[in-house]
Amino acid sequence: MIRYPISLNDLRVRIEAEAPGWLAEAEDRTDRFRQARRYEENSPNWSRVKPVYMRLQHGKCAYCERLLAAEDFGGAIEHDMEHYRPKGAVPPWPSANIARDRRISYRFATGEAFPEGYYLLAYHVLNYATACKKCNSPLKASYFPIAGERAQADDPVHLRAERPFLLYPLGDLDEDPEEVLTFAGINPVPRVRQGVRWRRARVTIDFCELDQREELWRERTEKIVTLFLALEMLRSGSERNRELAGRAIETLLSSTSSHVNCGRAFHSLYQEDRDRAEEIARAAQSYLDSQS
């Protein structure tokens, strides 16, 4: 995961340009939920603003950083509009089945059930992101693990005391994911070894199975091999090839690229310990060879 910088005002401007009148309608709908004390409607309309989030995230899943299909066809197919805090009933996570099947066990609480859900945030612009179907449906579903006490509010700023475990990557509402979660080769790891950030990283990794999904392993290995070759060319290639390598590295480490957190971690390793980086790159290529 990485951060996608944007201010609340800029986000609202983009949304109004994409779907004129949507913000006013969102306020009306939220007022109805407030009166009903629950989320209830027949025709949700957040899909109208989904392209704003797809562009902001450069076409990537907010959680696993996979690059998804382009907006023309992929908007309705591969990109799900994700509510960070679920609008409906929130069950405890991990459930007994998830804990058993995925061997998840923590020495800290991850939040009680919340039957009413976060209905006042169903249309808040900083409660959205776009996610791939795997992260959104079977994995995130209606779960939302927290360290604090559940609360109801119409602005996520007022819910910071809940201390969510799952990272939120848009704007500055939450801390920068790269300050919490990094990579050792293709494997996501907490940046620190204990404390709040360790717990947040560990839960985020487990929650989205960021360390278990084969499609993520493969894409990250491809990233590492390509980046290593470009770094080697920059180090010892001809002047012409060094110029090309520099441009390639800039692209691979750009926020527009997939799995850039992994790529940036590998780039840092290369600067600190080239031999270890080469070992990882060769192991990555061996993995790709085994999959072909």
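The values are calculated or read from the model by the stated rules, or taken from the named source; none is laboratory data. Keep in mind that what you see is a predicted model, and the values were worked out from it rather than measured. Every residue, glycine as well, gets a Cβ built from its backbone with ideal geometry; the counts of neighbours run over all protein chains shown.
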Helices (runs of 4 or more DSSP H) wholly inside segment 193-271 containing at least 3 residues that are over 21 Å from residue 84 (Cβ atoms) and without any contact (Cβ under 8 Å) to a residue 24 or more places away in the chain: 214-236, 239-252
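State which residue is modelled with the lowest pLDDT when the search covers only segment 66-90 and only residues that are assigned to a loop (DSSP other than H, G, I, E, B) and of a type outside the set (Gly, Ala, Ser).
Taking segment 66-90 first, the residues assigned to a loop (DSSP other than H, G, I, E, B) are 66, 68-70, 78, 84-89.
Filter once more, keeping what is of a type outside the set (Gly, Ala, Ser): 66, 68, 78, 84-87.
Details: 66: 96, 68: 92, 78: 87, 84: 97, 85: 97, 86: 97, 87: 96.
Step by step, filter segment 66-90, then rank; the result is 78.
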All positions within segment 1-23 that are of a type in the set (D, E, K, R), in contact (Cβ under 8 Å) with a residue 12 or more places away in the chain and part of a helix (DSSP H, G or I): 12, 14, 18
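Yes or no, residue by residue, for (1) charged (D, E, K, R); (2) closer than 27 Å to residue 196 by Cα:
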| residue | (1), (2) |
| --- | --- |
| 59 | no, no |
| 69 | no, no |
| 84 | no, yes |
| 96 | no, yes |
| 103 | yes, yes |
| 109 | no, yes |
| 127 | no, yes |
| 136 | no, yes |
Residue identified as over 17 Å from residue 268 (Cα atoms), surrounded by fewer than 19 Cβ atoms within 10 Å (Cβ to Cβ) and not assigned by TED's automatic domain parsing to the domain that holds residue 174 among 197, 240: 240
Residue within segment 24-34 that is free of Cβ contacts under 8 Å to residues at least 24 places away in the same chain, surrounded by 13 or more Cβ atoms within 10 Å (Cβ to Cβ) and farther than 23 Å from residue 116 by Cβ present: no
